[in-house]
Amino acid sequence: MGRACVFMLVAIAVNIATARAATITVPPGDGLQAAIAGASPGDILNLAAGVHRGGVVVLTPDLTLTGMSGAIIDGGGRGRAITLAAPEITIRGLIIRSAGRDILAKDAGVFIGHQADRAAVTDNRFVDNAVGVFLDGASAALVQRNRFDGQQQIQMSERGPGVAIYGTHGARILDNSFRYGRDGVFAVTSADLVVGGNQFRDLRFAVHFMYSGSSAVFANISIDNDIGYALMYSDHLDIIDNVSDDDHDHGMLFNYTNYSRITGNVVRGSDKCVFIYNANKNRFVGNWFEGCGVGIHFTAGSEGNALTGNAFVNNRTQVKYVGTRWLDWAENGRGNYWSDNPAFDLRGRGIADTAYRPNDVIDQVIWRAPAAKLLLNSPAVEVLRWAQAAFPALHPGGVIDSAPLMAPPRPPALVRLKAAPQAEATIP
């Protein structure tokens, strides 16, 4: 058979499929499941304004459920409002509400099972669901431009995440807004995820990874959550150009997270901008940490991490490191910017003439024995601090920046930080 004949047959097949596809209007009420059962691949079910009974299961591939303004799928407080069990299904332009509250049973507004590869859930509003979208093993799903409003009437610990991801590869969670759930995006035992351009507020964690590596978290904004980005037991992550603004406990938390790149992020106003616990072989480059109780808390044997080109600005304690090993936070003659470093640059290189040491022996004593704060203004402490300044060999070990910067690098995410009040206003 010639190539021209093959192309002709393919064109005929496409035309036949297109001819068979139909747009079907579904009136409100109890008829949605019957309309789904009667649809063919390629059909579009256009839901009329009003309330449609949920609890539906979609077994037809390449089906689109969309809605006119005011179209609602109501789960009735039980189970899953919509279950996807075939590939290439699209859910678009709907209000999806009142699914069940049993998180262990995987109740959700939209449940995407392992048969539903390449599902697309876009431009919807999720209200009062235990979980908004639950990805359970499907690959290459897209969740984009949705608004997730969690269950405000119950305690945060009893709520579910906006998007839950289990055993899933290749999911893209893009340009959504999240509020009032437990976590915004919660991923477990998943990989190749992309979480980008989202806004998070009034949550426990904005982004929460467990055992989910080889993934990217970029250009998100986290506002007024308990923790912005909690990344645990996950390797080979790219954490790039994110903002954490006034998250309460930690802007970023790394627990057993290894071989990752953390670049261009901005964290402001947390108790700790960054908390690193037993996280190894990571690179922190070009980040901005401002106005936190502790700029970075480094503990539990974290080894082989590189920190260069970062800005530590007006944190009450720039670095907290309880240890006796020397850690040089400079690389190839370039360190970090420290707002409290009264340094000179007589050679005009943009690098301070002397090293910067963020902590001294008194800091170590206070961290180990907080009651010692009573002695901070004593003459003995002042003499000891003078001696350490005059004779650096008296320092007990810890962090040293051998090439501190004279001017702070300014990551592009600072622009989004300034726009955070406007971004906040877009999350109703």
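The values are calculated or read from the model by the stated rules, or taken from the named source; none is laboratory data. Nothing here was measured: the structure is a model prediction, and the numbers come from that model. Using ideal geometry, Cβ is built from the backbone for each residue, glycine included, and neighbour counts are taken over all protein chains shown.
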Exactly one condition in (1) closer than 20 Å to T317 by Cβ; (2) surrounded by 11 or more Cβ atoms within 10 Å (Cβ to Cβ); (3) at pLDDT 55 or above is not met by V361; state its number.
(3)
Residues to consider are I165, I103; find the one that is in a strand (DSSP E or B) and out of contact with any Cys (no Cβ under 7 Å at 6 or more places or on another chain).
I165
Hits in the stretch 298-319 - residues which are more than 20 Å from T263 (Cβ to Cβ), assigned to a strand (DSSP E or B) and at pLDDT 90 or above:
T317
Going through the stretch 43-60 in order, the residues found to be in contact (Cβ under 8 Å) with a residue 24 or more places away in the chain and either on the phi > 0 side of the Ramachandran plot or in a strand (DSSP E or B) (or both) are L47, H52, R53, G55, V56, V57, V58
Note: among G286, G333, just one is in contact with a strand residue (DSSP E or B) (Cβ under 9 Å, 6 or more places away or on another chain), surrounded by fewer than 16 Cβ atoms within 10 Å (Cβ to Cβ), closer than 21 Å to A407 by Cβ and of a type in the set (G, A, S), namely G333
Which is surrounded by fewer than 21 Cβ atoms within 10 Å (Cβ to Cβ) and touching a residue at least 12 places away in the same chain (Cβ under 8 Å), of K281, K272?
K281
Which number in (1) assigned to a loop (DSSP other than H, G, I, E, B); (2) under 34 Å from the mean Cα position of the chain (by Cα) marks the one condition that S40 misses?
(2)
Can you name every residue in the stretch 77-89 that is out of contact with any Lys or Arg (no Cβ under 8 Å at 6 or more places or on another chain) and either more than 11 Å from T60 (Cα to Cα) or surrounded by fewer than 18 Cβ atoms within 10 Å (Cβ to Cβ) (or both)?
R78, G79, I82, T83, A85
